[in-house]
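Here's the structure we're looking at; comments come further down.
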Amino acid sequence: SAVISQKPSRDICQRGTSLTIQCQVDSQVTMMFWYRQQPGQSLTLIATANQGSEATYESGFVIDKFPISRPNLTFSTLTVSNMSPEDSSIYLCSVAAGWGMNTEAFFGQGTRLTVV
Amino acid sequence: DAKTTQPPSMDCAEGRAANLPCNHSTISGNEYVYWYRQIHSQGPQYIIHGLKNNETNEMASLIITEDRKSSTLILPHATLRDTAVYYCIVRVAPDMRFGAGTRLTVKP
């Protein structure tokens, strides 16, 4: 299984500011994803981070609010921009070694964000 | 939208088997069933997955019905540390789509 490191693990931010979350994997992976988990809720996919091209966003999520970078096969960042209290959530990075449906996906421990 | 239906909560006595059901009546022939769990404040943990046959690993067993419309995750000897939200996922894309899951509480 892949070892995923997310930084920071938690943060408290002022509204109107931005936070960049890093996701580092200990091996090269084909797929990287970003999820949001709002308080008391299940996980919602934000976007697929594509190496060398723009991320693919899910309905309800836009690049201006959640810019994503993926410079190589082991690293990605998610920025939460112009934050408001409604952005208070856990943000999780997920990776899969391949495209196939028979390939497990693994998750980082998440970044707990509180916006005040 | 999730293609699965799970009971919102279940209890299990410590040391007993925990049997968590999942309905996925619209599953297609090439779609895998995955199980994850999320212990409080942690990222989801992969448990097991299968296509048609029953599967077993060091954590759990997965029983898939012959028509593939439902499955059961079995934790053979539940411990207090197995208290978590368990997610059954029918994988239709490289990413995982989570439903509400089942909150399993293991009691002493």
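A short reminder: the numbers here are calculations on the coordinates, not readings from a lab. These numbers were taken from a predicted model, which means no experiment stands behind them. With ideal geometry, Cβ positions are generated from the backbone for all residues, glycine too; neighbour counts draw on all protein chains shown.
The mean count of C-beta atoms from other chains within 10 Å of the C-beta of residues in A:30-37, rounded to a whole number, is 2. Distances between placed amide hydrogens fall under 5 Å for B:Met10 paired with B:Arg103, B:Leu104, B:Thr105, all partners being 5 or more residues away or on another chain. Neighbours of B:Ala13 by Cβ distance under 13 Å: Lys/Arg scored +1, Asp/Glu scored -1, total -1. Taking every alpha-carbon pair within chain A, the share separated by more than 25 Å comes to 16 percent. Absence of a disulfide-compatible partner, taken as no other cysteine beta carbon within less than 4.7 angstrom, is noted in chain A for A:Cys13. Beta-bridge orientation, chain B: approximately 85 percent antiparallel, per DSSP, counting only bridges with both partners inside.
Peptide B:23-33 is shielded by partner chain Cβ atoms: per residue, an average of 1 of them sit within 10 Å of its Cβ.
Think of chain A as having a plus end and a minus end, set by charges on the Cβ of Lys, Arg, Asp and Glu; of A:Asn50, A:Asn102, A:Ser69, A:Ser69 sits farthest toward the positive end of this dipole. Among beta bridges from DSSP that stay inside the protein assembly as shown, the antiparallel ones total about 85%. About the centre of its Cα atoms, segment A:1-80 shows a dipole size close to 200 debye [charges on the beta carbon of Lys, Arg (+1) and Asp, Glu (-1) only; nearest 20 debye]. Restricted to Cα atoms, the protein assembly as shown shows a radius of gyration and a Dmax of 17.7, 54 angstrom. When the GluC sites (Glu not before Pro) in segment B:5-108 are filtered for DSSP coil states and for at most 10 other beta-carbon atoms within 10 Å of their beta-carbon, the remaining sites are B:Glu58, B:Glu66. Using only side-chain charges placed at the Cβ, +1 for Lys and Arg and -1 for Asp and Glu, the dipole size of the protein assembly as shown relative to its Cα centre rounds to 280 debye.
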